[in-house]
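The structure appears right after this line, and notes come after that.
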Amino acid sequence: MKNKNEVEDVFFHICDHSNSMYLKVLPKNGSGITCHDVLAIEGALGFEEANCRATRTGKILQNWILKNLKKAKILTAVSHNTMEHLAKLCGVENGSNSNWRVIHNSFNSNFWPMDKNESRKFLNAINFPEGSFILHVGSGLPRKNRSLLLKMVNSLGDRWKGNICFAGDPLDEDFSKNAKNYGICNRVKSVPRPDHHTLVALYSSCEAFIFPSFSEGFGWPLIEAQACGAAVLASSIPTLHEVGGEAAIYADPYKPGEFAEGFINLIQKKNKKKLIALGFENCKRFESQKLIKDFIRLYKK
């Protein structure tokens, strides 16, 4: 049987804001929650810029989630941008609650620059063609802006003739038709839900990692790519600037031509080498031990 002091040293942390309803049954002074993004909440409230539409029942759910988040005594957000948006939704001044803090996500698995020969072995296993390719990793949700890669390659014309790889959700029929309309369907490669080693091989082998999202709560693929030695070109939204720092080139996600010019800049040997080195340095901010220390510090307080 635990004594009173031992019980008081037990803390509960809810790892995802979608489970905020459980805060009701946990001790208020001994529990907290992480908010990964407010995109679905903002979508449910009619914010078009969230690029996240909600169904009728989804609106009820997201309002319920927000109602419980407002009551959280201890809360962490995975980015300053997410915290800023959440604070506005909750009607509190950003930073006014000392127990609401930004603690960046850490890597949830090991990512490293895989040796060229080893990478080729994994890529051969999925019949992935040799040669230069750009990479996108993620779902097919509209906010992921996958189609920009097609428009970007179309803008590049004869300046770059490599392939485009989409790892994650399978490509749907409309997307394939779109690629055909641009006359580049033979250059589009899909790797549905790759296993971890195949994903690392793709990151390690790509000409560049392209991440043109309209909205993100954090953006894990960006630092995964950097950890594997990929040069990154991402959308110029606040969250990705926060996560990528100086180790990426940024462009307007609504302007494929701007992404095309960013890509030409990125693949210059000197620029690419510099970005890769900065990427490895940037990844140190997201090590697991740092996250653990930040959480211990928060709960000790």
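The values are calculated or read from the model by the stated rules, or taken from the named source; none is laboratory data. The structure presented is a predicted model; accordingly, all values stated were derived computationally and were not measured. We place every Cβ from the backbone using ideal geometry, glycine too, and count neighbours over all the protein chains shown. With ligands, DNA and RNA removed, areas are computed over all heavy atoms of the protein, side chains included. Shrake-Rupley method; radii C 1.70, N 1.55, O 1.52, S 1.80 Å.
Observations on the model:
- Boolean, N282 is open to solvent by less than 30 Å² (accessible area, probe 1.4 Å), of a type in the set (S, T, N, Q) and over 22 Å from F214 (Cα atoms): yes
- Picking from residues in region 70-120 that are within 20 Å of G219 (Cβ to Cβ) and among the aromatic types (F, W, Y), the one that is surrounded by the most Cβ atoms within 10 Å (Cβ to Cβ) is F111.
- Residue check for A125: over 20 Å from D252 (Cα atoms), surrounded by fewer than 20 Cβ atoms within 10 Å (Cβ to Cβ), out of contact with any strand residue (DSSP E or B) (no Cβ under 7 Å at 6 or more places or on another chain) and among the aliphatic types (A, V, I, L, M): yes
- Hits in region 240-250 (condition: out of contact with any Ser or Thr (no Cβ under 6 Å at 6 or more places or on another chain), free of Cβ contacts under 8 Å to residues at least 40 places away in the same chain and not in a loop (DSSP other than H, G, I, E, B)): L240, H241, G244, I249
- The numbered conditions (1) open to solvent by 20 Å² or more (accessible area, probe 1.4 Å); (2) in contact with a Gly (Cβ under 9 Å, 6 or more places away or on another chain); (3) farther than 24 Å from D37 by Cβ are all true for Y250 except (3).
- When D174 is tested against (1) assigned to a helix (DSSP H, G or I); (2) open to solvent by less than 50 Å² (accessible area, probe 1.4 Å); (3) free of Cβ contacts under 8 Å to residues at least 40 places away in the same chain, only condition (2) is not met.
- Output for region 222-246, where each listed residue is touching a strand residue (DSSP E or B) at 6+ places or on another chain (Cβ under 7 Å) and surrounded by fewer than 22 Cβ atoms within 10 Å (Cβ to Cβ): S236, H241
- Leading residue by the ranking (modelled with the lowest pLDDT) among those in region 1-54 that are open to solvent by 90 Å² or more (accessible area, probe 1.4 Å) and of a type in the set (S, T, N, Q): N5
- Condition met for P142 (modelled with pLDDT under 95 and either over 19 Å from the mean Cα position of the chain (by Cα) or not charged (D, E, K, R) (or both)): yes
- Of all residues in region 128-145 being touching a strand residue (DSSP E or B) at 6+ places or on another chain (Cβ under 6 Å) and surrounded by 14 or more Cβ atoms within 10 Å (Cβ to Cβ), the one that is nearest to R187 (Cα to Cα): F133
Yes/no matrix, rows are residues, columns are (1) free of Cβ contacts under 8 Å to residues at least 60 places away in the same chain; (2) hydroxyl-bearing (S, T, Y):
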position	(1), (2)
K255	yes, no
E261	yes, no
L266	yes, no
N271	yes, no
K284	yes, no
S288	no, yes
L291	no, no
I296	yes, no
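- Checklist (1) over 20 Å from D294 (Cα atoms); (2) modelled with pLDDT of 95 or more applied to H80, failing item: (1)
- Residue ID - nearest to F11 (Cα to Cα), chosen from residues in region 27-56 that are part of a helix (DSSP H, G or I) and without any contact (Cβ under 8 Å) to a residue 12 or more places away in the chain: R56
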